[in-house]
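Here the structure comes first, spelled out in structure tokens, and everything after it is commentary.
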Amino acid sequence: MDLYEYQGKELFRRFGIPTSEGRLASTPAEAHAAAEELGGQVVVKAQVLTGGRGKAGGVKLAEADDAEQKANEILGLDINGHVVRRLWIERASEIAKEYYLSVTFDRGEKKPLFMLTTEGGIEIEQVAEETPEKLARLHVDPLEGYQPYQARRLIYGAGIADPNEQKQLLDIVGKLYACFVGTDAMLCEINPLIVTPEGEVRALDSKFTVDDNALYKHPEIAEMRDPESVPPEERAAREKGVTYVKLDGEVGILGNGAGLVMSTLDVITLAGGRPANFCDLGGGGDAQGVVDALEVISADPQVRSIYFNIFGGITRTDEVARGILTALEQIGIEHPIVVRLDGTNAEEGRRILADSGQGNLHVEPTMLEGAKRAVELAK
Ligand code: GDP
Ligand code: MN
């Protein structure tokens with residue numbers, strides 16, 4: 001789960017990482033009030049789950065008397081397909097230097113990886129490509145845990161020589177590690193991590209991703225999820241516990257198991273069609289799961305046919321067949337539905353479907369034949 005800048009900063013503050021004071025606003029009037037309250041110069045920042053806001057005009061300096069106008073310019077702006085609905089109004093900082101600091105997982109090494117560079121403010125990928133020697137990298141052994149000497153190594157490695165900055169960075173690196181572990185994060189990125197003209201080091205931005213599978217341990221972070229940041233179909237699916245990703249084709253896809261669903265997408269493409277979604281029923285196939293999934297898929301106006309691809313291993317396909325029929329009784333689906341059943345009890349499963357008398361059900365014996373049929377029916 002990705003967090004907005006202001007949410008990430010709230011977690012940073014909780015772990016003692018210095019940030020600037022700010023307020024949330026969703027209207028120009030609120031932005032004005034926030035700027036008045038903060039006093040002096042402020043920065044009006046679009047809160048969207050994408051980077052590059054600065055370049056896109058989503059970050060603007062303002063005084064109390066033009067904060068409202070700046071807010072008006074930024075609200076409603078489309079930044080990489082994300083429409084701005086919220087603003088973070090922050091006391092403006094004076095910037096002498098822009099550094100970059102992050103901690104993420106290095107899956108290859110199976111260890112958290114810190115990265116630090118004095119070339120902050122720009123995309124880290126660009127630094128890694130153009131001046132890799134300026135990017136200090138350091139792994140933390142999860143069994144040994146974080147040790148302060150590692151931060152010193154990281155800071156020297158980045159070529160930061162000012163003792164005052166070193167001292168603050170040492171503290172921030174330790175706190176960022178505590179934050180990363182303490183929130184079960186996958187990424188904590190500060191870009192830029194600024195040094196003010198007075199020599200104070202502070203986080204000016206945050207990019208924060210928390211492991212979805214750990215959210216049950218952090219209900220206060222789970223609550224930060226903005227339901228409007230995901231498309232409505234995906235929201236409905238999540239509420240029903242269905243794994244669903246919208247794609248842009250016409251053939252609705254439903255399968256049991258992520259691997260099977262992935263190959264079903266390929267087979268639909270091979271048959272000359274385009275999948276409308278990815279939808280994984282998981283190991284089950286009970287009537288309620290099928291009802292939920294069919295509801296989500298058929299709500300997509302682009303869907304012309306539905307391809308139901310089931311392989312019964314532990315799942316018994318006769319049970320899935322009954323689930324499909326119960327589902328069709330509960331919700332009227334107009335779309336043609338092609339079903340490929342194979343595996344445990346497949347013959348019985350197919351017979352149940354064939355005997356059902358449901359006119360829009362088409363049973364096919366193999367994955368490829370099923371895909372061809374579904375593509376044909378979507379024309
Ligand atoms: P991003 O473009 O989405 O990464 O948004 P950032 O929060 O990183 O802001 C982009 C840039 O705006 C920063 O790199 C800074 O140069 C500038 N900026 C952000 N906040 C301030 C501030 O308080 N004062 C000044 N002078 N510049 C700021
Ligand atoms: Mn940034």
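Computed from the coordinates by the stated procedures, all read-outs in this text should not be read as laboratory data. Just so you know, these numbers come straight off a predicted model, no measurement behind them. Note: ideal-geometry Cβ built from the backbone for every residue, glycine included; neighbour counts use all protein chains shown.
Rg and Dmax over the alpha-carbon atoms of segment 1-151 stand at 17.7, 53 Å. With Rh defined as the Kirkwood radius, the inverse of the mean 1/r over Cα pairs, the Rg/Rh of segment 44-129 is 1.06.
Partner lysines whose Cα lies under 22 Å from the Cα of Lys240, excluding those fewer than 8 positions away in the same chain, are identified as Lys217. Looking at the chain, the DSSP beta bridges with both ends there are about 70 percent antiparallel. In a DSSP loop and with at most 11 other Cβ atoms within 10 Å, the trypsin sites (Lys or Arg not before Pro) in segment 91-141 are Arg107, Lys110.
Among 80-86, 323-329, the peptide with the highest mean count of other Cβ atoms within 10 Å heads the list, and the full ranking is 323-329, 80-86. Among residues other than Tyr6 with Cβ under 10 Å from its Cβ, the summed charge is +1 (Lys and Arg +1, Asp and Glu -1). Measuring from a point 7 Å past the Cα of Glu376 along Cα-to-C-beta, which residues in segment 325-362 have an amide N at less than 20 Å? It comes to 335-342, 350-351, 353-355, 357-362, nothing else. Here the translational diffusion coefficient of segment 159-290 follows from Stokes-Einstein with Rh set to the Kirkwood radius across Cα pairs; for 4 °C and 1.567 mPa s it amounts to 69 µm²/s.
Which pairs break 24 Å Cα to Cα here: Lys9/Lys45; Lys97/Lys207; Lys60/Lys175? The answer is Lys60/Lys175. Across the chain, Cα-Cα distances exceeding 35 Å account for 44% of all pairs. Look at where the Cα atoms of segment 82-120 and of segment 1-68 average out, and the two centres are 15 Å apart.
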